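Report on the structure given below.
Nothing in this text is a laboratory measurement; each read-out follows from the coordinates by a stated rule. A quick note: this is a predicted structure, and the numbers were derived from the prediction, not measured. Heads up, the Cβs are rebuilt from the backbone with ideal geometry, glycines too, and the neighbour counts pull from every protein chain shown.
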Amino acid sequence: MLKKRVLLVDNGSLEPAATLGLRELADQINCTRQDKVLPVSVMHSDKVDPARLGGKPAVIFEQAVRQAEADGIEELVVLPLFIGPSRALTEFIPKVFAENVTGPMRLKVLSTLFDEDGSDLAHILAENLRATGWKKGSGTVLLCDHGSPVKAVTECRNRLAAQLRKELRLKPDELIACSMERREGQEYDFNEPLLERAIQHAKGEAVILMMFLLPGRHAGPDGDVASIAKECAPPGLRWKLSPLIGSHEMLGAMLEMKVDHVPLPKNQVTVAAYAFAAGIFLLPWALHFVLPDWLQHKIVRALISLLILIPALFYWVGRRRKA
C-alpha cells in the first residue's frame, strides 16, 4: 500500500488564533481517522511564540516536506484550506516541494473549497448570514474577501455572490461582493469595489459576510475588516460581522470528504458506467441458470425498485440541502 501523508494547509498567520483554529479543524477531521491529517501553514506561523500555541510550535510547509521525506512517505497530499486557486497552491507549494525533495516522493494537491459549483460553500455563507439575525429587507449584505492578485480567486467570490443572490432572492444592490484590499494597477481592478467604498452604499443594518476562514490580523472583532468598517461606514449606519467560514460545523465534514474521495479519471468513469449498465442488463440472464424462477422475479423487481428509488433519493437530499 502507498505510504502517504495528508497535510491540512492554510496560508499561515502571525496571529496564534489562526494556527489554533487550523489545529481544531484537523482534530475534527481526525475524529474518525486512523491516518491523521496534520495541520501545516504555507508560511508565517512558525514565527509565533510556541508558548502562545499551547507549547507546540507551528509547522510550515517546508518543514513538513523535509519531515515527510525523512519518514519515507511516498505521496504527500495537500488538503487546501483555501477558497480558490491562490498562488500559494499553484506556484509556491510546488516550488518548495521541488526544492526540498531529493527522492521519489510525489506531491498531490486536492481541490480548493470552491470546487465544481461551490454550493457547499454558499450554504455555509448563507447560514453564517442568518446566524447574525439578518432577514431579507433588514439591511445590505457585503460579501467581503481579502482581495487577490489572481482573477480566478475573485471569480470564486463573484460566483458565490451570484448564488447567494439567487438563493436569498436579493438584488445586486442588496448583496454586494467586495474586497478588503487590492494591489495598485489597472490589472487588479477586478477586485473592486473595495469594502471602504461598498459600505458607503449600504442601508439598514448591514452585515459584512466574511469570506475569511480563520481568525487573524484581518478577520475578527478587532481585525482590519472591522477597522475599515468603523472608519468608512456612513454616519448612522449600523453594521455587524458574520461568523467566519472556519467556525461552521460543516467545514470539517467538507474537508474530510475531500480527503476520502478520490475521483476516477473521466475515461475510467465512462468505462465504469458502461460496466454497471451491462451488469444490470446481464444479471437477470445470469440468475436464470442458478436460481429458481420465483426468486429470480423477486430479485429483478428489487433491482428495478432500486434503480427508481436511488435517483429519487439523491434528488430529495439535494432539495433538502438547498432548503
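Brief remarks follow.
- log₁₀ of I(q)/I(0) at q = 0.17 Å⁻¹ - the range 4-112, Debye sum with one point per alpha carbon: -0.78
- Pairs of lysines in the range 4-112 (C-alpha under 14 Å apart; 8 or more residues apart or interchain): 4
- Projecting label points 7 angstrom from Cα along Cα→Cβ for Glu99 and Arg183 puts them 1.8 nm apart.
- A simple count of charges around Met211, restricted to other residues whose Cβ falls under 10 Å of its Cβ and scoring Lys, Arg +1 and Asp, Glu -1, yields 0.
- Semi-axis lengths, Å, the range 119-247, gyration tensor of Cα atoms, sqrt of 5 times eigenvalues: 19, 17, 15
- When the GluC sites (Glu not before Pro) in the range 182-255 are filtered for DSSP coil states and for at most 16 other beta-carbon atoms within 10 Å of their beta-carbon, the remaining sites are Glu184.
- Trypsin sites (Lys or Arg not before Pro) restricted to the range 153-240 and DSSP loop, no more than 15 other C-beta within 10 Å: Arg169, Arg183, Lys203, Arg217
- Count Lys and Arg as plus one, Asp and Glu as minus one, and take only other residues whose Cβ is under 14 Å from that of Ala58; the net charge is then -2.
- Using the Cβ-Cβ distance between Lys151 and Lys203 with R0 set to 22 Å, the FRET efficiency works out to roughly 0.15.
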